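The values are calculated or read from the model by the stated rules, or taken from the named source; none is laboratory data. Just so we're clear, the structure is a prediction, and the values are computed from it rather than from any experiment. Cβ coordinates were reconstructed from backbone atoms using ideal geometry, including for glycine residues, and neighbour counts include every protein chain displayed. Note: areas computed on protein heavy atoms with side chains; ligands, DNA, RNA excluded. Shrake-Rupley method; radii C 1.70, N 1.55, O 1.52, S 1.80 Å.
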Amino acid sequence: MSESFTKEGERIDKFWELLEHEYSVKFQRIKFGDAKTDGSLTHPKGGLVVNIEVKNEVGSGSGAIHVQNAAYAAKYAAGQAGVLRQVSTCPTLLIELAGPNMSLSRAVFSNVVVCDQLTPLVSLLWQPHSPLMPQAARCFAA
C-alpha cells in the first residue's frame, strides 16, 4: 500500500484486492443517501463485520477519517433495529487507510454507540529501524 495513487478509488481497489486475496472475503460499497462506504463486509444474517474508510492522504477529504468510518457503522447499525440488534451489539472492525498509513478501530452498539481506536495511525512504509514496524505487522495479523 506504499505505492503512489493519484485517485482514492485506485487505492480502494488495491486495498480490496489485497484483503480479498489474503482473507478470501468479498467487499461491497453500501449507500446511505448520497454517501457510500469505501468497503464493507457484512454477515449473512445482517450485521456489519468490517467497514473500511480510505483517504488518499492524511488530512484529505471532508472530515476525520475515524469519525467518518464510525458514522457509517452507526448508520448501518441504526438500520438493524430488528431481531439482530435485540440479540447482538453488532461488533464491527473499522479499518482506516490514509495514504500509506493504517489504523484499526472498533464499534459496538448497545443503547449507546461505543467506538474505540485500537491502534494509532501506523505507517505501512518499510522502516526497518522503526519500533512501530512490528505493530504494523500485528495489525494485519489481527
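Identify all residues within region 121-134 that are under 19 Å from residue 52 (Cβ atoms) and open to solvent by less than 60 Å² (accessible area, probe 1.4 Å); write none if there are none.
122, 123, 124
Could you run through region 1-52 and say how many residues are among the hydrophobic types (A, V, I, L, M, F, W, C), part of a strand (DSSP E or B) and open to solvent by less than 40 Å² (accessible area, probe 1.4 Å)?
The number of residues fulfilling the criteria is 5.
Examine region 56-71 for a residue that is at pLDDT 85 or above and in contact with a Leu (Cβ under 6 Å, 6 or more places away or on another chain), and state whether such a residue exists.
Checked region 56-71: at least one residue is at pLDDT 85 or above and in contact with a Leu (Cβ under 6 Å, 6 or more places away or on another chain).
Is it true that some residue in region 96-107 is at pLDDT 80 or above, part of a helix (DSSP H, G or I) and open to solvent by 40 Å² or more (accessible area, probe 1.4 Å)?
no
Out of region 108-132, which residues are over 30 Å from residue 6 (Cβ atoms) and touching a residue at least 40 places away in the same chain (Cβ under 8 Å)?
Passing the criteria: 113, 115.
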